[in-house]
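Peer 1: Following this message is one structure expressed as C-alpha cells.
Rule-based calculations on the coordinates, nothing more; no lab input. What you see is a predicted model, and the numbers here were worked out from it, not measured in a lab. Cβ placement follows ideal geometry from the backbone for every residue including glycine, while neighbour counts extend to all protein chains displayed.
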Amino acid sequence: MRNHPLLFVGLFGFALSAAAALPAPDADDGALNLPPGFRALIVADNLVVGKKTGNTPERLRGLAVAPNGDIYAKLVRG
C-alpha cells in the first residue's frame with residue numbers, strides 16, 4: 001500500500017475547517033463578575049417564559065453542556 005501524503009494533508013485540512021469556531025464572549029461577560037482569565041456569554045434568555053405549573057413558572061435546576069456544544073436544561077420538576 002502506498003502512502004498518499006497529499007490525501008492525508010487534504011483530510012487534515014478538511015477536519016480543521018469543519019471544526020466549529022468558539023463563540024466570542026460578551027463585551028460585559030453577560031453582566032457577571034468573573035475572575036481574571038474567565039469569559040462568559042449569554043446563549044439563551046427567558047427559557048421558561050409561558051411554561052407554568054399551576055400559578056408558578058417552572059424553574060431550571062441545572063444546565064449541562066455536551067462535548068459537541070449542545071446545552072441541556074433540567075427543570076426542577078422532571
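Peer 1: In nm, to one decimal, how far is the modelled label at residue 45 from the one at residue 64, with both set 7 Å along Cα→Cβ?
Peer 2: Inter-label distance under the simple model: 2.8 nm.
Peer 1: Follow-up question, since we're still on this one. Residues with beta-carbon under 15 Å from that of residue 28, excluding residue 28: net charge, scoring Lys, Arg +1 and Asp, Glu -1? Write down the numbers at each step before the final one.
Peer 2: On the way: positive: 39; negative: 26, 29, 45.
Overall, the nearby charge balance is -2.
Peer 1: Okay, moving on. What are the residues whose amide H is under 5 Å from the amide H of residue 75, where those residues sit 5 or more places off or on another chain and H is modelled from the backbone?
Peer 2: Those qualifying (amide H under 5 Å, at least 5 residues apart or on another chain) are 61.
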